[in-house]
Amino acid sequence: MLILGIETSCDETGVAVYDGGLLAHAVHSQVSMHDAYGGVVPELASRDHVRRLVPLTREVLSRAGRRTADLTGIGYTEGPGLAGALLVGASFAHGLAQSLGIPAVGIHHLEGHLLSPLISEPAPRFPFVALLVSGGHTQLMRVEGIGRYLLLGETQDDAAGEAFDKTAKLLGLGYPGGPALSQLAQSGTPGRYRLPRPMIGSGDLEFSFSGLKTAVVTLAKQAAPAAHADIARAFVDAVVEVLVAKCVHAMELSGLTRLVVAGGVGANRQLRSALGKEAEQRGFDLFYPQPELCTDNGAMIAFAAAQRLRQGQDGAEHAFSVRPRWDLEAIS
Ligand code: KG4
Ligand code: ZN
């Protein structure tokens, strides 16, 4: 089963070929294009996906040593995401699939992230708890198997990655500023400033990150620019402490022993180090996707499509729609 995976939900064009293992994948990031506007411009994103899809598909097929005619199925991101961007991937996938007479299956972007640690060894066995932390989502899920996802808790407002990006912007670190903010925090003095840990004691698995931005604005106004590293440190420490506390709570409540961390913020080194310590102390196992598969990519979409097709989803119908808004629990 040779599957082509297409990811175009936001500002990365990701393409991959998967055949029981990942044969090749490539990602084109639009970050430098959107940077000038301080955020993603949807129309520019769609147009760039149009430009990139064909060359990237040719590139991954050639790197995998396969031809278009060898493909047996195509997976593409159906949602959630930007409507125009999703439509580019969906129409490309269905057009190609129809011309080859093969199935095309629409994949939930978060299912892709959630399953991404299963692409490489050691893969977690079901069931597990998953923390999904990206630019658009912060959720804890209980994962029983492919398509069996139970939402345990999620953010009430901003996603963790969004909080990283907004804070980074405030500190003049560009877009998306998560990695740069994390880097700056490395040189900050811990404890020099203290920011709130929103909802840390709420007793449930809900999150809230929007208030942090306001707290950072107030702090940044009072402090000298030289204190930016200390502010970054205070911000990262606050977010990481909340994410770790909620993960620990989820492990206790679920009684499970495997925690999967996926989505862009899962690449964060402070989060990884703090979670690693807790996992060791409390005896649970931690799983991450391989580093380049933490952020958006086509490999996770190809992998999820391979599982779906193996389970018998047919994908023969080439009429399609996209779902800019889509709850993960709504799928089965
Ligand atoms: O999963 P992803 O690529 O796209 C979405 O589906 O949203 O996640 C992107 C998010 C951005 O907010 C970015 O700033 C954040 O992940 N991010 C990080 C790091 N790497 C990416 N945040 C903190 N530390 C990082 N190392
Ligand atoms: Zn994503």
Practice task
May I ask for the angle, rounded to the nearest 10°, between helix 228-254 and the longest principal axis of the chain, with both axes built from Cα atoms and the value confined to 0 to 90°?
Solution key: 70
Exercise for the section: Provide PHE287, PHE126, PHE207 ordered by accessible surface of protein heavy atoms (probe 1.4 Å), highest first. Expected result: PHE126, PHE287, PHE207
Problem - Cα Rg, Dmax (largest Cα-Cα span) when computed across the chain, Å - result: 19.9, 63
Practice task
Kindly report, to the nearest 10 Å², the accessible surface of ARG51 as traced by a 1.4 Å probe over protein heavy atoms only.
Solution key: 140
Practice task
Looking at the chain, send over the antiparallel percent of its DSSP beta bridges, to the nearest 5.
Solution key: 60
Exercise for the section: Please give the net charge around ALA64, taking every other residue with its beta carbon less than 15 angstrom from that of ALA64, where Lys and Arg add +1 and Asp and Glu add -1. Expected result: +1
Problem - Cut-off 15 Å between beta-carbons: net charge of the residues surrounding PRO176, Lys and Arg +1, Asp and Glu -1 - result: -4
Completion exercise
Comparing PRO80, PRO176, PRO225 in a Gaussian network model of the chain (Cα, 10 Å), the one with the largest mean-square fluctuation is PRO225
Problem - Paramagnetic reach from ARG47 (point 7 Å along Cα→Cβ, amide N under 15 Å) across region 81-120 - result: 84-85
Exercise for the section: Can you pull the one-decimal nm distance between simple spin-label points at ALA224 and SER62, each 7 Å off the Cα toward Cβ? Expected result: 5.5
Handout entry: Solvent exposure ordering (accessible area, 1.4 Å, most first) of ILE74, ILE146
Key = ILE146, ILE74
Handout entry: Full-extension gain in nm, GLN313 to SER332, via 0.36 nm per residue minus C-alpha separation
Key = 5.7 nm
Exercise for the section: Would you please classify the overall shape of region 125-288 from the alpha carbon gyration tensor, given that a ≥ b ≥ c denote the square roots of the eigenvalues, rounded means a/c under 1.5, and beyond that prolate means a/b larger than b/c while oblate covers the rest? Expected result: prolate
Practice task
Sort out for me the Cα centre separation of region 200-256 from region 163-192, rounded to whole Å.
Solution key: 13
Completion exercise
quick note, region 125-288, DSSP beta bridge pairs, % antiparallel (nearest 5) is 60
Fill in the blank from the handout: In region 179-218, the trypsin sites (Lys or Arg not before Pro) that sit in a DSSP loop and have at most 12 other Cβ atoms within 10 Å of their own Cβ are ARG194
Practice task
Hey, can you find the accessible area per residue of the chain for me, probe 1.4 Å, expressed in square angstrom?
Solution key: 41
Handout entry: Unsatisfied cross-links (Cα-Cα over 26 Å) in the set LYS166/LYS246; LYS221/LYS246; LYS169/LYS277
Key = LYS221/LYS246; LYS169/LYS277
Practice task
Please give the solvent-accessible surface of TYR193 in Å², to the nearest 10, using a probe radius of 1.4 Å with every protein chain present.
Solution key: 50
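The values are calculated or read from the model by the stated rules, or taken from the named source; none is laboratory data. Nothing here was measured: the structure is a model prediction, and the numbers come from that model. FYI the Cβ positions are ideal-geometry reconstructions off the backbone, even for glycines, and counts take in every protein chain you see. Only protein heavy atoms, including side chains, enter the accessible area calculation; ligands, DNA and RNA are left aside. Shrake-Rupley method; radii C 1.70, N 1.55, O 1.52, S 1.80 Å.
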